[in-house]
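Remarks on the structure that follows.
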Amino acid sequence: MLADLSEALRERQQEGLYRSRPVLEGPQSPHVTIDSRDFLAFCSNDYLGLANHPALIEAVAEGARRYGVGSGASHLISGHSRAHCELEETLAVFVGLPRTLLFSTGYMANMAVVTALAGRGDAIFADRLNHASLNDAALLSRARFIRYPHLDLDTLARQLETTKARRRLVITDVVFSMDGDRAPIAELLILCQRFDAWLLLDDAHGFGVLGEGGKGSLYHSQRIERDTPHLIYMATLGKAAGVSGAFVAAQAPVIETLIQYGRTYGYTTAAPPLLAHTLLTSLQLISQENWRRERLALLIERLRQRLHSLPWPLLPSETPIQPLLVGESQEAVRLDLALRECGIWVPAIRPPTVPQDMARLRISLSAAHSEADVDRLGVALHDLARC
């Protein structure tokens, strides 16, 4: 058995798909030390630059003094603290939905929603470029798993119209994590209302970044009917919010169903209450410091201007996720390693995370980056293009 594993690992290395874990020696920042070397980093989801914010560090210390370190039990036993209650109530007001439920990770949140609401005899409809957590949840649910081409709402409408399933659940990323483009959520919601389907929106990369006051994609450039039983909203708290965890927001019966039937909620120890306490401060910073989102927009525009003439195209994206499409996995890895030699860290993303021949450099911007940081990356990539 070990020989089989070793051979599979060797083949993965030959295909340019082998992964390793870099060791970060300090806090998240545009300038980091990884494996004892200094880098300018474009690889973090800390979009607003909050992960090392002094106010959050102080809030962690205060939370530890008030609640201790560990929660000690699951939410359904004795691990549900006052801090968790306060954060859930604050998040519900923040996103404008009746109730929210906290989870330790977005993966666990998606798993709970999908498996609690869909099962044998039901149907799940999924965008082909959805995050792995949504796909895995759909497979585990034992419902019929139907995928539609990326952003193809005409195909989705035909699938919904012809299904005989008892329950229908449409699941989609809002900001797609490897492409940076966005789902048309207003049109998706209209479809789900028409065909009496639930719509689960995974806004992991939009919450805190998009919308008025960083409230997320439900508030971005279009008016979404939030007061509808069809809408279920999930967002993570370890990206733009700078801390850890996730939440689901929906109508009260949906949240109660997740409490009663969500296995990844009921059968795991609650996240430390000090994190929930810290996230209250994070939400204040997100809503009050609009300059962080304004700065991100300027950096995105600057990056696209600096990289527009490269032989590798930037995929269309208005978000901090700026993918540089390379194609071959080996070429993406070559560029990744060459940038590291220049002291710049941009991860190569390869199959199976992205489709075959769609390997890329995934550039992630943060409000903590400077214009000089963006310019340095542009110069390095132009230099590599001439090699």
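Just checking, does region 135-155 include any residue being touching a residue at least 40 places away in the same chain (Cβ under 8 Å), in contact with a strand residue (DSSP E or B) (Cβ under 8 Å, 6 or more places away or on another chain), of a type outside the set (Asp, Glu) and farther than 23 Å from His205 by Cβ?
no
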Looking at region 361-387 only, could you name the residues that are within 21 Å of Lys239 (Cα to Cα) and not hydrophobic (A, V, I, L, M, F, W, C)? Arg362, Ser364, Ser366, His369, Ser370, Asp373
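Mind listing just one residue for me: the one in region 84-115 that is assigned to a helix (DSSP H, G or I) and touching a Gly at 6+ places or on another chain (Cβ under 7 Å) and, of those, surrounded by the most Cβ atoms within 10 Å (Cβ to Cβ)? Can you show your working first?
So the first thing to find is which residues in region 84-115 are assigned to a helix (DSSP H, G or I), and the list is 84-95, 106-115.
Those still in the list that are touching a Gly at 6+ places or on another chain (Cβ under 7 Å) too: 95, 112.
On the way: Val95: 20, Ala112: 25.
The qualifying residue surrounded by the most Cβ atoms within 10 Å (Cβ to Cβ) is Ala112.
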Check region 207-222 and report whether any residue there is surrounded by fewer than 21 Cβ atoms within 10 Å (Cβ to Cβ), at negative phi, over 20 Å from the mean Cα position of the chain (by Cα) and in the same structural domain as Phe247 (by TED's automatic domain parsing). yes
So, restricting to helices (runs of 4 or more DSSP H) that lie completely within region 235-317, which ones have at least 3 residues that are buried (at least 18 other Cβ atoms within 10 Å of the Cβ)? 252-261, 273-288, 291-307
Within region 65-74, does at least one residue satisfy the condition of being modelled with pLDDT of 95 or more, within 23 Å of Thr257 (Cβ to Cβ), over 23 Å from the mean Cα position of the chain (by Cα) and assigned to a loop (DSSP other than H, G, I, E, B)? yes
Among the candidates Leu50, Leu17, residue that is part of a loop (DSSP other than H, G, I, E, B), in contact with a helix residue (DSSP H, G or I) (Cβ under 8 Å, 6 or more places away or on another chain) and at pLDDT below 95: Leu17
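Give the residues of region 212-227 that are part of a loop (DSSP other than H, G, I, E, B) and either of a type in the set (D, E, K, R) or under 15 Å from Pro184 (Cβ atoms) (or both), sorted by residue number. Full working, then the answer.
Restricting attention to region 212-227, the residues satisfying the condition of being part of a loop (DSSP other than H, G, I, E, B) are 215-216, 220-227.
Passing the criteria: Lys215, His220, Ser221, Gln222, Arg223, Ile224, Glu225, Arg226, Asp227.
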Determine whether region 8-28 contains at least one residue that is over 22 Å from Leu337 (Cβ atoms), out of contact with any Gly (no Cβ under 8 Å at 6 or more places or on another chain) and not assigned by TED's automatic domain parsing to the domain that holds Ser370. yes
In region 318-336, residue surrounded by the most Cβ atoms within 10 Å (Cβ to Cβ) [restricted to those that are under 30 Å from Pro184 (Cα atoms) and touching a helix residue (DSSP H, G or I) at 6+ places or on another chain (Cβ under 8 Å)]: Pro320
Take the conditions in contact with a His (Cβ under 7 Å, 6 or more places away or on another chain) and not hydroxyl-bearing (Ser, Thr, Tyr) and apply them to Arg128. Does it pass? yes
Counting only residues that are surrounded by 20 or more Cβ atoms within 10 Å (Cβ to Cβ) and without any contact (Cβ under 8 Å) to a residue 60 or more places away in the chain, which one in region 337-358 is nearest to Asp181 (Cα to Cα)? Met358
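Looking at the structure I just gave you, is Ser78 part of a loop (DSSP other than H, G, I, E, B), surrounded by fewer than 20 Cβ atoms within 10 Å (Cβ to Cβ) and of a type in the set (Ser, Thr, Tyr)?
Working: part of a loop (DSSP other than H, G, I, E, B): yes; surrounded by fewer than 20 Cβ atoms within 10 Å (Cβ to Cβ): yes; of a type in the set (Ser, Thr, Tyr): yes.
For Ser78, the condition - part of a loop (DSSP other than H, G, I, E, B), surrounded by fewer than 20 Cβ atoms within 10 Å (Cβ to Cβ) and of a type in the set (Ser, Thr, Tyr) - is met.
The values are calculated or read from the model by the stated rules, or taken from the named source; none is laboratory data. Just so you know, these numbers come straight off a predicted model, no measurement behind them. So basically every Cβ, Gly included, is an ideal-geometry build from the backbone, and we count neighbours across all protein chains shown.
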